[in-house]
Structures are given as structure tokens and as C-alpha cells.
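What follows is a set of notes on a single structure, which appears directly below.
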Amino acid sequence: MRSFLGYDAFYCWFIKDFSKITKPLNHLLVKDVPFDFNEQCLSAFLMLKEALITASVMQAPDWGLSFAVTCHVSDFAVGVVLG
């Protein structure tokens, strides 16, 4: 859950009401709180998933324009985003 929310946070400027949508998911990460992935969490997860694949966030690049390549690297993975 922490990885998923971390990935989504990169796009929070493009997702309307991001903090309201992620509230039930963030609650799952609170210390000493049981992990209960209920209907509210599932709804938030599906909303975020849909927001990430819509045209306002994900689209093919226009190779005629300039863009920036943003990289995130860890001990076991590499992620790249064209912006």
C-alpha cells in the first residue's frame, strides 16, 4: 500500500481531490491500526487506478515538443516518467 500511494503521490497535482480519495488508504498505514481493506478502501483504490490511466495523466508523447525525463531508482527497481 505504501508503494502504491507513493507512486500515486507523484501524480497528485493531476488528480482532483487526491487527498480526499486517498484518506481511507492512508489510514491503513497508521501505526498499531489493523489492516482492514474494506469497501471504502477498494473504492478509493479503483478511483485512483482509473485516474492514473485517463488521458489527463497518461498519454503518448508528442515527439515534436521537448520533454523532461524523470527517474526514480532504488536498490531493486528503476522508474522513468516523461513529463
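The values are calculated or read from the model by the stated rules, or taken from the named source; none is laboratory data. Worth saying up front: this structure is predicted, and the values here are computed from it rather than measured. We place every Cβ from the backbone using ideal geometry, glycine too, and count neighbours over all the protein chains shown.
Does the stretch 57-64 include one or more residues that are touching a helix residue (DSSP H, G or I) at 6+ places or on another chain (Cβ under 8 Å) and surrounded by 10 or more Cβ atoms within 10 Å (Cβ to Cβ)?
yes
Which one is nearest to the chain's Cα centre (by Cα), of the residues in the stretch 26-46 that are assigned to a helix (DSSP H, G or I) and closer than 17 Å to Ser3 by Cα?
Phe45
Suppose we filter the stretch 11-23 for residues that are surrounded by 13 or more Cβ atoms within 10 Å (Cβ to Cβ), of a type outside the set (A, V, I, L, M) and not in a helix (DSSP H, G or I); how many remain?
1
Pull out all pairs, ordered by first then second residue, where Cβ-Cβ is under 7 Å, the residues are six or more apart or on different chains, the first lies in the stretch 53-77 and is assigned to a loop (DSSP other than H, G, I, E, B), and the second is modelled with pLDDT under 80 and aliphatic (A, V, I, L, M).
Listed by first residue and then by second, the contacts come to Pro61/Leu82; Phe67/Leu82.
Given (1) in contact with a Phe, Trp or Tyr (Cβ under 7 Å, 6 or more places away or on another chain); (2) surrounded by 12 or more Cβ atoms within 10 Å (Cβ to Cβ), identify the lone condition not met by Asn26.
It is condition (1) that Asn26 fails.
Return the pairs, sorted by first residue and then second, in which the second residue is surrounded by 13 or more Cβ atoms within 10 Å (Cβ to Cβ), the first residue lies in the stretch 7-31 and is charged (D, E, K, R), the beta carbons are less than 6 Å apart, and the residues are 6+ apart or on different chains.
Partner pairs satisfying both residue conditions: Asp8/Leu48.
Would you pick out the residues in the stretch 21-35 that are touching a helix residue (DSSP H, G or I) at 6+ places or on another chain (Cβ under 9 Å) and not hydrophobic (A, V, I, L, M, F, W, C)? Let's see the steps before the verdict.
Of the stretch 21-35, the ones touching a helix residue (DSSP H, G or I) at 6+ places or on another chain (Cβ under 9 Å) are 21-29, 33.
Those that are touching a helix residue (DSSP H, G or I) at 6+ places or on another chain (Cβ under 9 Å) and not hydrophobic (A, V, I, L, M, F, W, C): Thr22, Lys23, Pro24, Asn26, His27.
Does Ala44 meet the test of being surrounded by 10 or more Cβ atoms within 10 Å (Cβ to Cβ), out of contact with any strand residue (DSSP E or B) (no Cβ under 7 Å at 6 or more places or on another chain) and closer than 19 Å to Cys12 by Cα?
Yes; evaluated as a whole, the condition is true for this residue.
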